[in-house]
Amino acid sequence: MNELEQAASQSVLDRLGLILVRHSLPFRLNHVNCFMAEGENTWTIVDAGLNNDVSRELWEKAIGGKQVGQIFLTHYHPDHFGYAGGLQQKTGARLSMSKIDADAGMKSWNEEFLGALPGYYKAAGIPQEAAQEMVDNTRAFQPLIKPFPKVGHYFEEGEIIRIGRLEYEVLFVPGHSDGMVCFYQREHNVLLSADHILPRITPNISYWFHGDPNPLETYMNSLEKIRKLDVDWVIPSHGEPFQGANKRIDELLAHHEERLDATWRMLEQPLTIFEVRERLFDRPLTVHEMRFAVGETLAHLEYLRAVGRCERTMQAERWVYKQT
């Protein structure tokens, strides 16, 4: 980003009264943008980062002696939800998020779900050693997302909330997570897009063996919902603010159409989920990235199955997909 672009993106944050609190992450996607804003009497925080030393120290510095009255969470993924419970204990703030993602956040790392994962990974055709590494990687997030927050309010579609001194509309945009929300400031025509629309990468759309069975279709419908607003400025949770939501939406939809066609062409021969993953993501992956790649591959396969372009059968305890 050049100096002019940096000045423009900072200007939109200033107009909204938003302070960026950027947390470093120990992944290829190496940061998450959280925000805070001063209202008439108290401050509001949007998203929380992981529960680790980086987040705790960053919030300690950012909050100082400020009184925080509200914490808003866009979704349940660890880099947004992880330190929410600790931040709530620190500030005494009321916490709001969607009911769907509040439930998912409480369940996605519990022992019951972790115990079921090896069976799902086996059905996906993942070798046993790699599957165990993926389960262990999922389990390693447990300390990064606890203590769980106490949710004082569940968001509803279209409700009006205040972030700082401005009003925003809560928009449900499921796909990246089943209960994902964005915040839309109508007067300035600005969207706090969280992970729904990102400037340089495509948000991960995965089926995680629970919840919405066709998250990619849901995500594409959510993009069309935002297109109708013709949003001027987008403030994402990863990357920098940018102009022109609809141009980016077109790019994201085109990307998924291309990936769907590529996936469908592979299915001239019967393939397991893992075999399709190897063809779609033909580069070395960390264990963490492998989990996301498997989930995204499965989301594309299930989309194709839902529209009748492929079928799934169980063979030798493995799901196998083939063109119809």
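Only one entry in L144, L166 is closer than 15 Å to S108 by Cβ, out of contact with any Lys or Arg (no Cβ under 6 Å at 6 or more places or on another chain) and modelled with pLDDT of 95 or more, namely L144. Of all residue pairs spaced 6 or more apart or on separate chains, those with beta-carbon atoms under 7 Å, a first member in the stretch 198-212 that is of a type in the set (A, V, I, L, M, F, W, C) and a second member that is outside any loop (DSSP other than H, G, I, E, B) are L198/P236; I205/P215; I205/L216; I205/Y219; I205/E296; I205/A299; W208/G295; F209/Y120.
Here Q89, Q70 are screened, and the one residue that is out of contact with any helix residue (DSSP H, G or I) (no Cβ under 9 Å at 6 or more places or on another chain), within 27 Å of Q185 (Cα to Cα), open to solvent by 10 Å² or more (accessible area, probe 1.4 Å) and not in a loop (DSSP other than H, G, I, E, B) is Q70. Pairs linking a residue in the stretch 104-115 that is under 9 Å from R139 (Cα atoms) to a residue that is assigned to a helix (DSSP H, G or I), with Cβ atoms under 6 Å and 6 or more positions apart or on different chains, are W109/Q142; L114/R139. Looking at A37, A62, just one residue is part of a helix (DSSP H, G or I), more than 29 Å from H288 (Cα to Cα), among the small types (G, A, S) and modelled with pLDDT of 95 or more, and that residue is A62.
Among the residues in the stretch 202-209, are any within 19 Å of the chain's Cα centre (by Cα), more than 27 Å from I226 (Cβ to Cβ) and open to solvent by less than 40 Å² (accessible area, probe 1.4 Å)? So far as the stretch 202-209 goes, yes, one or more of its residues are within 19 Å of the chain's Cα centre (by Cα), more than 27 Å from I226 (Cβ to Cβ) and open to solvent by less than 40 Å² (accessible area, probe 1.4 Å).
Does E289 fit the bill of being farther than 15 Å from W264 by Cβ, open to solvent by 20 Å² or more (accessible area, probe 1.4 Å) and free of Cβ contacts under 8 Å to residues at least 60 places away in the same chain? Here the answer is no, as E289 does not meet what is asked. Of the strands (runs of 3 or more DSSP E) lying entirely inside the stretch 131-234, those carrying at least 1 residues that are out of contact with any helix residue (DSSP H, G or I) (no Cβ under 9 Å at 6 or more places or on another chain) and closer than 26 Å to N41 by Cβ are 151-154, 160-163, 166-172, 181-185.
For the stretch 136-166, filtered to residues that are open to solvent by less than 20 Å² (accessible area, probe 1.4 Å) and touching a Pro at 6+ places or on another chain (Cβ under 8 Å), the residue that is nearest to Y184 (Cα to Cα) is I145. Entry remark, the stretch 108-138: residues being at negative phi and either touching a strand residue (DSSP E or B) at 6+ places or on another chain (Cβ under 8 Å) or among the basic types (K, R) (or both) number 3 in total. The set of residues from the stretch 92-135 being over 18 Å from H210 (Cα atoms) and either open to solvent by 70 Å² or more (accessible area, probe 1.4 Å) or touching a Pro at 6+ places or on another chain (Cβ under 7 Å) (or both) comprises R94, L95, Q128, E129, Q132, E133. For D282, the conditions (1) under 26 Å from A7 (Cβ atoms); (2) open to solvent by 50 Å² or more (accessible area, probe 1.4 Å) are fulfilled apart from (1). Restricting L29, L20 to those that are open to solvent by 20 Å² or more (accessible area, probe 1.4 Å) and assigned to a loop (DSSP other than H, G, I, E, B) reduces the list to L29.
One line per residue, one yes/no per condition, for (1) exposed (fewer than 13 other Cβ atoms within 10 Å of the Cβ); (2) in contact with a His (Cβ under 8 Å, 6 or more places away or on another chain):
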{"site": "N246", "(1), (2)": "no, no"}
{"site": "R259", "(1), (2)": "no, yes"}
{"site": "V294", "(1), (2)": "no, no"}
{"site": "T313", "(1), (2)": "yes, no"}
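Scanning the stretch 92-130 for residues that are more than 25 Å from Y321 (Cα to Cα) and not in a helix (DSSP H, G or I) yields a total of 10.
The values are calculated or read from the model by the stated rules, or taken from the named source; none is laboratory data. For clarity, every value in this text was computed on a predicted model and none was experimentally measured. Glycine also receives a Cβ, built like all others from the backbone with ideal geometry; neighbour counts cover every protein chain displayed. When the accessible area is computed, the model is the full protein with side chains, heavy atoms only, and any ligands, DNA or RNA have been set aside. Shrake-Rupley method; radii C 1.70, N 1.55, O 1.52, S 1.80 Å.
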